[in-house]
Each structure stands twice: as C-alpha cells, then as structure tokens.
Amino acid sequence: MALTSFYPVLQVADPRAAAAFFTAHLGFEETFAAEWYVSLRSGTYELALLQHDHETIPADFRGRVSGILLNVEVADARAEYRRLVDEAGLPVRRDLRDEAFGQRHFIVEGPEGVLIDVIENIEPSAEFAEAYAG
C-alpha cells in the first residue's frame, strides 16, 4: 500500500465546537467545514471531526469518542503547560512530569473526553535508551 495521507477522524457530537477547541488551543486551521464534518490542518498534520451519528458511519459503529489519546509533540512542554493549563484553564488529567522512557509531558482533556498528551522528547534513562531504534 502506498499511502497518500493518514489522519485520525474523531466521532463527536458537535464537530464545529470540537474544531473551535483544536483551532484555539493547538493551532489547527480549518480546510473544510460542513455542519457534520470539519477537516483541520497544522502544517503537514491533519485531524478530522465527524458527527458521531452521521450516515457515513456504519450503524453498528456510531457513537462518541472513547479511549482516544492524541499525542502532540512540542519543543517545550513546560511552556505549553503554562499556556494550556495555567492561562487557558484546560482540565489536567496528568500533571507535568518527566518519564524515564524519554518524555516530559502532561495530559489535558479535550472535547468529549479526548485525552491530549503534550510531549517534549527528553533524554531517556540508560535503561530505555537501548530500546530506541537507530
């Protein structure tokens, strides 16, 4: 298979409201917007939001987002924590911390319970350094 694109599509009750969150807090821009579907882009990264009960979704799979964690890698997790949590007041689900496996990160809750893990890559411990390819 030769991919030409790959991006997540989140099923949400209100695509326009969810899009407002991602444009306001994560810097996405709308590339297409209908009442039932919104496409977003930030540089080469894409995200789409689809109304959870839309007819294009097979009936047995219609429903709201569940068990989704979106990773967002940034240059400075501490600065993003100040911006998203201290200034914007987004709900924190995991406070800022350094992990031995090579991440400084925190998790906030986005629209409809989607978790957003804001990650800065840091030097892993010796134990985990060997697990990285290359």
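The values are calculated or read from the model by the stated rules, or taken from the named source; none is laboratory data. Remember, it's a predicted structure, so these values are computed and weren't measured experimentally. As a convention, Cβ positions derive from the backbone with ideal geometry for all residues, glycine included, and neighbour counts pool all protein chains shown. Remember, those area values only see protein heavy atoms, side chains included, never the ligands or the DNA or RNA. Shrake-Rupley method; radii C 1.70, N 1.55, O 1.52, S 1.80 Å.
Rounded to the nearest 10 Å², what accessible area does residue 45 show when all protein chains are kept and the probe is 1.4 Å?
My reading of the accessible area for residue 45 is about 150 Å².
Considering amide H positions built from the backbone, and no H for Pro or chain starts, which residues 5 or more places from residue 103, or on another chain, come under 5 Å of its amide H?
Here 122 satisfy the definition.
Given a 1.4 Å probe, how much area per residue of the range 1-117 is accessible, in Å²?
61 Å²
May I ask you to give the percent of accessible area on the chain that is carbon plus sulfur, with a probe radius of 1.4 Å?
Here it works out to 50 percent.
Would you be so kind as to identify which of 110, 66, 36 lies farthest towards the positive end of the dipole of the range 34-117, taking Lys and Arg as +1 and Asp and Glu as -1 on Cβ and the Cα centre as origin?
Value computed over the given set: 110.
Starting at 0 and stepping by 10 Å, how many percent of the alpha carbon pairs of the chain end up in each bin?
Taking all Cα pairs of the chain, the binned fractions are 11, 36, 33, 17, 3, 0 percent.
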